[in-house]
Structure formats: C-alpha cells, structure tokens
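The structure appears below as structure tokens.
Rule-based calculations on the coordinates, nothing more; no lab input. Remember, it's a predicted structure, so these values are computed and weren't measured experimentally. Heads up, the Cβs are rebuilt from the backbone with ideal geometry, glycines too, and the neighbour counts pull from every protein chain shown.
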Amino acid sequence: MQVKNPILGLCQQAKFALSAAKVDQCPEDQGYEVAFAGRSNAGKSSALNTLTHASLARTSKTPGRTQLLNFFSLDDERRLVDLPGYGYAKVPIPLKQHWQKHLEAYLGSRECLKGLILMMDVRHPMTDFDKMMLDWSQAAGMPMHILLTKADKLTFGAAKNTLLKVQSEIRKGWGDAVTIQLFSAPKRQGLEEAYGVLANWMELPDKPAE
C-alpha cells in the first residue's frame with residue numbers, strides 16, 4: 001500500500017476557514033501559516049487551487065477579486081493564507097489603501113507566519129510590487145519562495161532563461177535566502193518542489209514514512 005505524502009495529504013484536505021478584512025479578525029496567532037502573495041493576474045488563485053486539488057481560491061478573468069485575507073485550514077494548527085492581489089485591480093484608491101494597511105499589519109504582526117510564497121508571472125517578473133515584497137521579506141527575516149507562474153506560456157528554454165535571470169537579479173539585490181522555481185497550474189509543473197517548501201516551513205516530512 002502506498003503511503004500518502006504528509007504535506008500532499010494535508011493540502012488535499014484543505015478547507016475554507018474564514019475571511020478577514022482586518023488583522024484582529026484573523027484566526028488565533030498560533031501554529032503554522034504560509035501566505036500566498038502576488039500581483040493581480042499573476043496566477044495566485046490557480047496555483048493555490050492546484051496545490052490543494054480543489055477550487056478553494058476564487059479565480060476570475062477580472063484580476064484583483066481577492067479583497068480579504070482568506071484562511072484555509074489544513075489541520076488544527078496549519079493554514080494557508082490567500083492575500084489580496086495588487087497593482088492591476090480596478091478598485092477605488094481608498095480600498096487599495098485599506099488592503100495595503102491591513103496586509104502590512106498582517107505580515108508584520110503574525111508570529112505563526114512561517115514563510116511567504118510569492119507568485120510572479122514568468123512573462124512579467126520583478127514588478128514594483130514583487131520588489132516591495134522582496135524588500136519586506138528581507139527586512140522581516142521572513143523566508144520567501146517564488147513561483148514563476150504560467151511557465152507553460154513560454155518554451156522550456158525561454159522559461160529556464162527567465163528563471164536563471166530572475167534568480168541572478170534576486171541574489172544580487174536580496175541575497176541567497178529567497179528560493180525560486182518554475183510553476184504551471186494547468187501542466188501541474190513544479191508541484192513537488194512547492195510541496196517540499198511547504199513541508200519544510202510547516203515542519204512536516206516532505207516524503208511518506210518508509
């Protein structure tokens with residue numbers, strides 16, 4: 001009998017827990033949280049849904065639909081968090097300012113936040129938003145892993161070249177602490193690597209027990 005990978009098993013049982021407009025509405029600050037961030041239209045919802053084998057996060061042809069901090073529980077002490085997208089959404093400026101204020105409050109105050117997964121569209125990486133998130137993670141000493149999403153939109157060679165170029169730029173500007181990979185939700189490319197990062201941050205074995 002094949003034993004299911006622990007992190008894969010948890011992700012497959014992910015359930016919506018709650019949405020929070022402010023930090024004081026978040027779940028109790030304990031256990032392990034991994035947050036997913038990305039500029040609107042970077043494929044964040046699709047990546048989350050692929051990793052959980054579900055339709056938890058809302059995907060839309062209108063970018064910027066995630067306007068709250070959305071929490072998904074994996075077990076009693078582990079959660080994934082879908083953060084609001086920025087930069088492309090056609091929303092009023094006061095609402096953007098509200099998101100930014102509460103996103104910064106969340107990122108700066110959650111003791112249980114173990115790492116940040118940042119989505120970048122492989123065709124348009126290193127936007128101002130991406131650099132802002134890199135600056136924040138470096139200042140906070142927060143581990144970050146980047147998914148270069150929509151890798152299926154480029155040839156393998158072009159995607160690999162972009163990966164190496166972005167990797168080099170990040171090392172020069174932010175050091176070696178940030179990890180990065182190619183990812184494609186439709187092709188299910190890069191899942192194992194992403195699961196390994198989640199397992200490490202959530203202190204789970206990333207392979208089944210023998």
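Give me the percent of DSSP beta bridges within the chain that run antiparallel, rounded to the nearest 5.
30
Is it possible to state the helix-based mean residue ellipticity at 222 nm for the chain, with each DSSP H run of 4+ residues giving -39500 (n - 2.57), the sum divided by total residues, to the nearest 500 deg cm²/dmol? What is it?
-11500 deg cm²/dmol
Taking amide H positions as placed in the peptide plane 1.01 Å from N, state which residues far from Gln189 in sequence (5 or more) or on other chains have amide H under 5 Å from it.
Amide H neighbours of Gln189: Ser184.
Taking H as built 1.01 Å from N, whose amide H comes closer than 5 Å to the amide H of Met144, not counting residues under 5 places away?
The answer is Leu116, Thr179.
With all pairs of different alpha carbon atoms counted, what Kirkwood hydrodynamic radius in Å does the chain show?
So the Kirkwood estimate lands at 17.3 Å.
Where Lys and Arg each count +1 and Asp and Glu each count -1, what net charge lies around Ala139 among other residues with Cβ under 14 Å from its Cβ?
Result for the local shell: -1.
Show me the ranking of peptides 136-146, 36-46, 163-173 by mean Cβ neighbours inside 10 Å, starting with the highest.
Packing order, densest peptide first, comes out as 36-46, 136-146, 163-173.
At 0.36 nm per residue, and after removing the present C-alpha to C-alpha distance, how many nm does the segment from Glu28 to Gln138 gain when stretched out fully?
37.1 nm
Over the chain, what is the relative contact order in percent, taking alpha-carbon pairs closer than 8 angstrom and at least six residues apart?
25
Could you please report the charge total around Gln167, scoring K, R as +1 and D, E as -1 over all other residues with beta-carbon less than 11 angstrom from its beta-carbon?
Charge balance near Gln167 sits at +2.
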